[in-house]
Amino acid sequence: MSVEQFLEHVDKQQDDYVQRLREIVAIPSVSCDLERRKDVVRMGEWLINELEKLGASTKRVEPGTQVLEGQTIDLPPVVLGTYGTDPAKKTLLVYGHYDVQPALKEDGWATDPWQLTEDSQGRMYGRGSTDDKGPVLGWLCALQAHKELNIELPVNIKFCFEGMEESGSEGLDDVIHQEAQNYFKDVDVVCISDNYWLGKTKPCLTYGLRGVSYYRITLKGPAQDLHSGVFGGTVHEPMTDLVNLMARLVKPDGTILIPGILDDVLPVTGKHGHSTRT
Ligand SMILES: [Zn+2]
C-alpha cells in the first residue's frame, strides 16, 4: 500500500476522528480543580477503554494521593499501554497528558470551551483540543488506521498518559522510578507528544524543550510593625532586602547572574546541527 492510499483512508475517517475529539474536549478534566477530579479520572478511563479496543494491553497505575483545597484525594491514574512486543523491533514510548487547564467563557473565550467548535477557516477551538487531547487522540487514530488497513507497525509502542501535567505532574516521578526497570525497561526512544503544529497543515517535530526551575525565597523580618519615627532607617526592611537580592539574579537583558548556572548548558546549535558558538 502506498502512502497516498494510507492518507486517503485517513482522510475518509476525518469526521469520525473529529467526533471523538469533540467527545473528549467535552470532558472537563481540569486537574487543579477538586470538583473536576472525577472528570479527570473519567478521561483516564476513556483512554484505557480506547487502548484496549485497539488491542493494546493496559496498566492503570494509581500514583497515590495529594492535598487539594485542604482535602486529601486520589491522584488520577497514570495510564500505561503496550502495543506490540516484538523483540526484533525498537520500542517507542509515547508520552502525553489527558488533563487540561481551567477554562471559563468569562476568561475571554469566543465559544464554549468544552464544546469543540470549528470556525469558518476550519480551525477547531476547545479546551485541550491541542494541549494535549488532540495529539494523544492522534496516536490512537494512527494505530486504528494501521489496524484497519492491516499494516504492520515498524516499532512496538508503549504509552504513558498522565492526568496531572497541568498541575506539576504530581505523582509521575514516582511512577517513572517505579516502572523504569519494569514497564519502561525495553524502551529505546521517547516521544513527548505534547506539542504543536505550525498552522493547520504543517506538523512539526520538536526535538528540544525548555525546562522550568522553581525556587522559593523566604524572608523574615520584624514580628510586628515598628514605628517609623523610632526605628526608621535603622532596621532592615524585608522588602528592601528582597529587591536587593532579586536584582542580583538577572541583568535587565535576561542574562542569569548566578555563578555556574549555565555551566552544564550546551551551546545552541545552528540550522544544520553546527554550534553557533565557536
Ligand atoms: Zn501539554
Q. So what's the gap between the Cα centers of region 167-211 and region 1-70, to the nearest angstrom?
A. 16 Å
**Q.** Cα-centred dipole magnitude for the chain, charges only on beta-carbon of K, R (+1) and D, E (-1), debye, nearest 20
**A.** 620 debye
Q: Could you tell me which of rounded, prolate or oblate describes region 105-172, using a ≥ b ≥ c as the square roots of the eigenvalues of the alpha-carbon gyration tensor, with rounded for a/c under 1.5 and, failing that, prolate when a/b is larger than b/c and oblate otherwise?
A: oblate
Q.
Ignoring everything except DSSP H segments at least 4 long, calculate the 222 nm mean residue ellipticity for the chain; use -39,500 (n - 2.57) per segment, divide by total residues, nearest 500.
A. -8500 deg cm²/dmol
Q.
Give me the three principal axis extents of the chain from the C-alpha atoms, as integers in angstrom, largest value leading.
A. 85, 52, 46
Q) Could you give the angle, 0 to 90 degrees to the nearest 10, between helix 238-247's Cα long axis and the longest principal axis of the Cα atoms of the chain? A) 60 degrees
Q) Listed highest first by mean packing, meaning other Cβ atoms within 10 Å per residue, what order do 138-150, 223-235 come in? A) 138-150, 223-235
Q | Crossing angle, helix 37-53 versus the chain [Cα axis fit, 0-90 degrees, rounded to tens] | A | 30 degrees
Q) In region 76-160, with Lys and Arg counted as +1 and Asp and Glu as -1 at Cβ, which of these residues, Y125, C160, L104, has the Cα nearest the positive end of the dipole, that is, farthest along it? A) C160
(Q) Ranking request for peptides 69-75, 174-180, 216-222: highest mean number of other beta-carbon atoms within 10 Å first, then the rest in descending order. (A) 174-180, 69-75, 216-222
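Throughout, read-outs are computed from the coordinates displayed, never taken from laboratory work. Not measured: the values here are computed from a predicted model. Quick reminder, even Gly has a Cβ in these numbers, built from the backbone with ideal geometry, and neighbours come from all protein chains shown.
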